[in-house]
1. For residue 73, which of the numbered conditions (1) part of a helix (DSSP H, G or I); (2) open to solvent by less than 40 Å² (accessible area, probe 1.4 Å); (3) in contact (Cβ under 8 Å) with a residue 40 or more places away in the chain fails to hold?
2. Of the conditions (1) under 26 Å from residue 264 (Cβ atoms); (2) among the aliphatic types (A, V, I, L, M); (3) crowded, with 21+ Cβ neighbours inside 10 Å, residue 11 clears all except one; give me its number.
3. Which one is most open to solvent (accessible area, probe 1.4 Å), of the residues in region 307-323 that are in a loop (DSSP other than H, G, I, E, B) and out of contact with any Phe, Trp or Tyr (no Cβ under 7 Å at 6 or more places or on another chain)?
4. Give me the residue from region 115-136 that is open to solvent by 100 Å² or more (accessible area, probe 1.4 Å) and modelled with pLDDT under 75 and, out of that set, nearest to residue 29 (Cα to Cα).
5. Restricting to region 248-276, and then to whatever is in contact (Cβ under 8 Å) with a residue 40 or more places away in the chain and part of a loop (DSSP other than H, G, I, E, B), can you tell me which residue is surrounded by the most Cβ atoms within 10 Å (Cβ to Cβ)?
6. Quick one: would you say residue 4 is among the charged types (D, E, K, R), farther than 15 Å from residue 89 by Cβ and modelled with pLDDT of 90 or more?
7. Condition check: in a helix (DSSP H, G or I), under 27 Å from residue 269 (Cβ atoms), modelled with pLDDT of 90 or more and not small (Gly, Ala, Ser). Does residue 50 satisfy that?
Amino acid sequence: MEDDLIVNRLANYDSYYTKEYFYKYCRKAYEIFDRKYQLRYKTGLDFYSLAHEYYIHLMTHDFKPLLDRPANVKLSTWMTNGFHFVILDALKAYNKEFANLSDTASDDILEYIRSGEPEDNMMQQVCEAISRHYMNDRMMQEIGSMIFYAGFSQKEIAAQLGITPAAINQRYKKMMNEVVTPYIIENYAQGTYDIKYDATTAYHEFNETAAVYEAAPKFSFRKKFLSFCTMPKKQYRTTPNHISSLQPGEIFVFGSNLMGAHAGGAAYAAYKHFGAVWGNGVGLQGQSYAIPTMQGGIETIKPYVDEFIEFAKQHQELRFLVTPVGCGIAGFEPCDIAPLFKDATDVENVYLPESFWDILR
């Protein structure tokens, strides 16, 4: 029931569910397949390029690939398989050893499990998960133990159990769909390559820096710092949190995709209310301006932001209200996108979201 709710929210372009589930599942799947294919070292195969491609595929098919999934397959498993096909297509285009790639995700997940560190105890944990799930099915327990713990091939298992390899393969696929893939996604794949901010380390670094400066005569680092914190704050040009109407000369700046499919979030509002044109993913249209954010990583967005800033400089008669572009369905965070707008901080007719100013100032 929870999976059905998630799919329905995704199909309704809910940015929270998109970030919380779509990108979470894709990130974890990316980690698994990256170990096999070294994706992050290949041009155009970074996480965001592949995840955005998968999302746009789902969007252009009205999310039917998820809505029509088999009832007995968990959403995380189904999305991992779907994302795997996107990866294989991208690798084919990249033209690197495609002939040797598996046509299903199951073998790659099995390889991921077997390549884990011994202290992770991954194989034993997977075996125990299979035993719990199939507690009344001795055959499935036996096959799971032989594959994941003993490391036998399907052909070897078939010979030992006296059944056909096809029967073993059928049970193996069922096991992977129902138990193994969801278990690995939930418990082992970390799904992030971001460096987390360590508040404790930062605190000690601050105090060490303060000690160095305070050792110098006639200077108090803490005093200077506290003085800065209590200074009257500059008035920043801030975009309203909610925009339901525009004044003449105001432009609604939103994140789009290159296809110009303005189906959700701020893009849908631009299409519905502010003159965005379906099929146009870049630039001024009506009282809106589109900045593509779903074609890859941050580096693919920067040229469009630079183009927007230059456009704003040349059109001082307009006032540009920038929404948190890229921070909804596209899956980025303000700390990713805000630095791209650094050159806009001194452009008087460009207004930025509070979340961007929090980073920039």
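1. Against the list (1) part of a helix (DSSP H, G or I); (2) open to solvent by less than 40 Å² (accessible area, probe 1.4 Å); (3) in contact (Cβ under 8 Å) with a residue 40 or more places away in the chain, residue 73 comes up short only on (1).
2. (3)
3. As a first pass, look at region 307-323 and keep what is in a loop (DSSP other than H, G, I, E, B): 315-318, 323.
Within this subset, residues satisfying the condition of being out of contact with any Phe, Trp or Tyr (no Cβ under 7 Å at 6 or more places or on another chain) are 315-318.
Values: 315: 51, 316: 108, 317: 124, 318: 31 Å².
Top of the filtered list is 317.
4. Restricting to residues being open to solvent by 100 Å² or more (accessible area, probe 1.4 Å) and modelled with pLDDT under 75, the top hit is 117.
5. 257
6. Values: among the charged types (D, E, K, R): yes; farther than 15 Å from residue 89 by Cβ: yes; modelled with pLDDT of 90 or more: yes.
When the stated conditions are applied, residue 4 passes them.
7. Values: in a helix (DSSP H, G or I): yes; under 27 Å from residue 269 (Cβ atoms): no; modelled with pLDDT of 90 or more: yes; not small (Gly, Ala, Ser): yes.
Taking the combined requirement at face value, the residue does not satisfy it.
Yes or no, residue by residue, for (1) more than 21 Å from residue 172 (Cβ to Cβ); (2) over 18 Å from the mean Cα position of the chain (by Cα):
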{"position": "11", "(1), (2)": "yes, no"}
{"position": "29", "(1), (2)": "no, no"}
{"position": "41", "(1), (2)": "yes, no"}
{"position": "60", "(1), (2)": "yes, yes"}
{"position": "87", "(1), (2)": "yes, no"}
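The values are calculated or read from the model by the stated rules, or taken from the named source; none is laboratory data. Here the structure is a predicted model, which is why all the values come from computation and not from measurement. In this analysis, Cβ positions are derived from the backbone assuming ideal geometry, glycine residues included, and neighbour counts consider all displayed protein chains. Calculation scope for accessible area: heavy atoms of the full protein, side chains included, ligands and nucleic acids excluded. Shrake-Rupley method; radii C 1.70, N 1.55, O 1.52, S 1.80 Å.
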